[in-house]
Amino acid sequence: MATKTPTRKKLDRTAVLTRIEEILSAGPPDAESLLAFAELINGKPFPEPVITLTELKASVCKVFGSKNAAELRKSSEFNLAMAGRTFDLKTKADWLKLYREWVGVPQNERAKTSKTSINGIHVLENFRPWHVFSLDPSTASAEDIKEAFRRLAKEHHPDVGGDPRVMERLQKMRDSLLAFL
């Protein structure tokens, strides 16, 4: 017996034109509003891009000036950065950890919402203090860092129901930012 394919809701011309007018009335359209419009037409959100193992390896190798994983393993800079830690470099999970640490947060891991997420970043998985503190590294002062920390502490401190691990991570982030000023 054949299964029936669900039909998506059909949009009429008036609904599409109304949405176009709404977007344009807000000023020049930005990427977010155009994406939302495309998803409206598509009938569902587009899937987030998932980074491949090849992309992970290439990005991490580039940070350390290596052409491939074999060259990376021999890199004195990489070995110094990884001193005291062991990585298999045969699993995507380990490459993903290195990517998060040295390159950035993968697109499909942004905009997370949970008790351990701040500004869309899962703080227990990703050490991205500038993003978490919503600060620009080129202009932030020590006072800006301390103020951002105080603001986040009011929300994430265990005394107000926050996760102690998140608070500990925030303290490490604050200390690392202050150490580099």
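The values are calculated or read from the model by the stated rules, or taken from the named source; none is laboratory data. Since we're looking at a predicted model, the values are computed, not measured. All Cβ positions, even for glycine, are placed from backbone atoms using ideal geometry, and neighbour counts span all protein chains on display.
Would you confirm whether or not segment 41-52 contains a residue that is outside any loop (DSSP other than H, G, I, E, B) and modelled with pLDDT under 90?
yes
What number of residues within segment 104-119 are surrounded by 14 or more Cβ atoms within 10 Å (Cβ to Cβ) and under 20 Å from Leu56 (Cα atoms)?
Counting residues in segment 104-119 that are surrounded by 14 or more Cβ atoms within 10 Å (Cβ to Cβ) and under 20 Å from Leu56 (Cα atoms) gives 5.
Does segment 104-113 contain any residue that is in contact (Cβ under 8 Å) with a residue 24 or more places away in the chain and closer than 25 Å to Leu178 by Cα?
Scanning segment 104-113, I find at least one residue that is in contact (Cβ under 8 Å) with a residue 24 or more places away in the chain and closer than 25 Å to Leu178 by Cα, so the answer is yes.
If you go through segment 69-92 one residue at a time, do you hit one that is in contact (Cβ under 8 Å) with a residue 40 or more places away in the chain and under 30 Å from Gln171 (Cβ atoms)?
no
Which members of segment 20-37 meet the condition of being at pLDDT below 85, surrounded by 10 or more Cβ atoms within 10 Å (Cβ to Cβ), in a helix (DSSP H, G or I) and not hydrophobic (A, V, I, L, M, F, W, C)?
Ser33
From Thr139, Thr91, which residue is modelled with pLDDT of 85 or more, exposed (fewer than 12 other Cβ atoms within 10 Å of the Cβ), under 17 Å from Ser176 (Cα atoms) and of a type in the set (Ser, Thr, Tyr)?
Sole residue among the options that is modelled with pLDDT of 85 or more, exposed (fewer than 12 other Cβ atoms within 10 Å of the Cβ), under 17 Å from Ser176 (Cα atoms) and of a type in the set (Ser, Thr, Tyr): Thr139.
Could you give every pair whose Cβ atoms fall below 9 Å, whose first residue belongs to segment 152-169 and is surrounded by 12 or more Cβ atoms within 10 Å (Cβ to Cβ), and whose second residue is of a type in the set (Phe, Trp, Tyr), counting only separations of at least 6 or pairs across chains?
Once the first residue is surrounded by 12 or more Cβ atoms within 10 Å (Cβ to Cβ) and sits in segment 152-169, its partners that are of a type in the set (Phe, Trp, Tyr) give Leu152/Phe133; Arg169/Phe127.
So which helices (runs of 4 or more DSSP H) are wholly in segment 69-181 and hold at least 1 residues that are of a type in the set (Lys, Arg) and not assigned by TED's automatic domain parsing to the domain that holds Ala58?
Once the helices (runs of 4 or more DSSP H) in segment 69-181 are filtered for at least 1 residues that are of a type in the set (Lys, Arg) and not assigned by TED's automatic domain parsing to the domain that holds Ala58, what remains is 142-156, 164-179.
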